[in-house]
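Okay, structure first, notes after.
The values are calculated or read from the model by the stated rules, or taken from the named source; none is laboratory data. None of the values given here were measured: they were computed from a predicted structure. All Cβ positions, even for glycine, are placed from backbone atoms using ideal geometry, and neighbour counts span all protein chains on display.
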Amino acid sequence: MKRANSLSVLSPFALCSVAFALAPTFTARATDDAKPPAPVVVELFTSEGCSSCPPADALLMKFENAQPIQGAKVIAIEEHVDYWNHDGWTDPYSSADWTQRQVDYVLKFKDKTPYTPQMIVDGQTQMTGAQEPQARDAIQQAASQPQTDITLAGGDSSGNSQDFKVRVGKLTGNTDKDSAEIWLAVTESGLASSVKAGENAGRDLRHAPVLRSLHKIGTARGNGDTTFDSSTKVKFNSTWKRQNVQIVVFIQDKKSMRILGAAAVPAST
């Protein structure tokens, strides 16, 4: 397990640009009628330079691909930190922004420093990334909590961009006087590396869906049936394989960092 040396503060993420075209829709619902699997966001802070991380990466892939937990729909987000990059191998998927997101969790959980692999379930429960029984229990517990409805619809695609429509229903499970922020993440699955140096030198590493982009697109407001309704244009890097790209929207209390609801759809190809 690797811990970072210090906490640093980075600039906030930029807001996405706005646009929309209608298309098939995914809705995460809070009702008990049909009881669909509840979306649960599972974040893993990891690095290709960390020899303790591959088992955690494999566990997250298992959760994403097999969906083995009844009543839960795991939305996996693998976030590669950059504080391992000075130990011989520069992780090609690492970002100082993802390190800063982990730092925010460190402050929430009152830890001393960030470490890898760290798994966080719906922003509320943390554990060392390869602890499967603890992770399963946390996911099951998160799936049993009230969920805020999120409807996410993919629209027309043009070149390296696509429009998405986002609607957030009545807030459920939010903390009084806390601000509920809406985030849009882009992940890419099927990524792998042949590591040439560092603790994993000589190993071929495969990854769960890797975080490629994360932007705050708004804030849920009011107590009505609709607390956010807007459109956004997502731009894709030309190096990403669109058939492996997924769009994830989640709503998260700013202070408590609890994730209140989530939805995910594939990008168009």
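Per-structure values
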quantity	calculated
Qualifying residue in region 232-243 (condition: in a loop (DSSP other than H, G, I, E, B), small (Gly, Ala, Ser) and either touching a Leu at 6+ places or on another chain (Cβ under 6 Å) or without any contact (Cβ under 8 Å) to a residue 12 or more places away in the chain (or both))	no
Any chance Thr148 is over 15 Å from the mean Cα position of the chain (by Cα), modelled with pLDDT of 95 or more, closer than 25 Å to Ser52 by Cα and of a type in the set (Ser, Thr, Tyr)	no
Selection from region 223-269 of residues that are within 24 Å of Asp156 (Cβ to Cβ), polar (S, T, N, Q) and crowded, with 22+ Cβ neighbours inside 10 Å	Thr232
Qualifying residues in region 149-169 (those that are charged (D, E, K, R) and closer than 15 Å to Ala263 by Cα) - the one surrounded by the most Cβ atoms within 10 Å (Cβ to Cβ)	Asp149
Candidates Asp91, Asp137, Asp97, Asp104, filtered to the one that is closer than 16 Å to Ser51 by Cα and of a type in the set (D, E, K, R)	Asp91
Residue in region 153-167 that is out of contact with any His (no Cβ under 6 Å at 6 or more places or on another chain) and over 22 Å from Val265 (Cβ atoms) present	no
Total residues in region 182-214, condition crowded, with 20+ Cβ neighbours inside 10 Å and of a type in the set (Lys, Arg)	0
Condition broken by Gly222, with the remaining ones in (1) at positive phi; (2) of a type outside the set (S, T, N, Q); (3) at pLDDT 95 or above; (4) not in a strand (DSSP E or B) satisfied	(3)
One residue from Pro92, Pro146, Pro133 being surrounded by fewer than 17 Cβ atoms within 10 Å (Cβ to Cβ) and free of Cβ contacts under 8 Å to residues at least 40 places away in the same chain	Pro133
Lone qualifier among Thr113, Thr128 - being of a type in the set (Val, Ile, Thr) and in contact with a Lys or Arg (Cβ under 7 Å, 6 or more places away or on another chain)	Thr113
Output for region 175-198, where each listed residue is aliphatic (A, V, I, L, M), out of contact with any Lys or Arg (no Cβ under 6 Å at 6 or more places or on another chain) and farther than 28 Å from Ile259 by Cα	Ala197
Test: residue in region 31-42 that is modelled with pLDDT of 95 or more, under 21 Å from Ser193 (Cβ atoms) and part of a strand (DSSP E or B)	no
